[in-house]
Amino acid sequence: MTEPAAYSDDLENIPNSDELLRRIHPTWVVPDELLGSRLTSQAFEDTRKPQKSPCSVSVRRLAPPLDALMAKYPDRSFAGLSAEFARSQQQGICLWPAEGEPGHAYLHGPKSSAIKNALAKQAKYLGGPRAWPIEGDAPQAQPPLVASHELHAPQVQQTTPPTPPGSDLP
C-alpha cells in the first residue's frame, strides 16, 4: 500500500453520525481496580509494522456484519467509536478500502497520549473475547447489607378509628 502525501478527512462519505469499528488485540484490555478492566491507549496508536500507517478502522455501515468479523477474527474484540468523537480529538477519517474490507478507513492525525486516552475511554465494547466497560459504566457502590428480617415487605398496620369515649358502655 502506497502512503499518500497527505490523508484527507472525508466528511462527505464518512459523516459524523457513522460508527467506526476497531479490532482490539487481547493485550490492549487490562485489569483496572475501579472498572474491572479497561481499554488501553495502545488501541489507537498508529501502525508501525510492517510499514508506518495511520490507525486502521472500519466504517461500520460499510463493513461486513459484526458477527462475521468476530468469526473472521475470533481472538479479537471489537470497539465502536463515533466519527464525531474521533474528529473532536483532531483526527481525520479517510476511506481506504482494502481487499475484502470495503469499509476500511484510516484514523489519522497527531495522537498525543491525551488523545489516545480519550479515544480509548470513549470506545465502547461491541463484542469479542475481552470485554471492558466504558468509563461511565463503573460499578456502583453496593448498597449496605440489610438484615434478612428487613428483606420482607413491611407489614401494613391496620388502624381502627378511635372509639369515642363512652361508646363502649353497654
Give me a comma-separated list of calculated 3J(HN,Hα) values for the stretch 46-53, in order, Karplus coefficients 6.51, -1.76, 1.60 applied at θ = phi - 60°, integers in Hz, x for any Gly or Pro. 5, 6, 10, 10, x, 9, 5, 8
Per-peptide average of other Cβ atoms within 10 Å, ordering 98-104, 48-54 highest first: 98-104, 48-54
The answer for residue 130, listing residues at least 5 apart or on another chain whose modeled amide H is closer than 5 Å to its amide H, is 77
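FYI, it's all coordinate maths here, none of it is from the lab. Since the model is a prediction, treat every value here as computed from it, not as a measurement. Cβ: placed from backbone, ideal geometry, glycine included. Neighbour counts: every protein chain shown.
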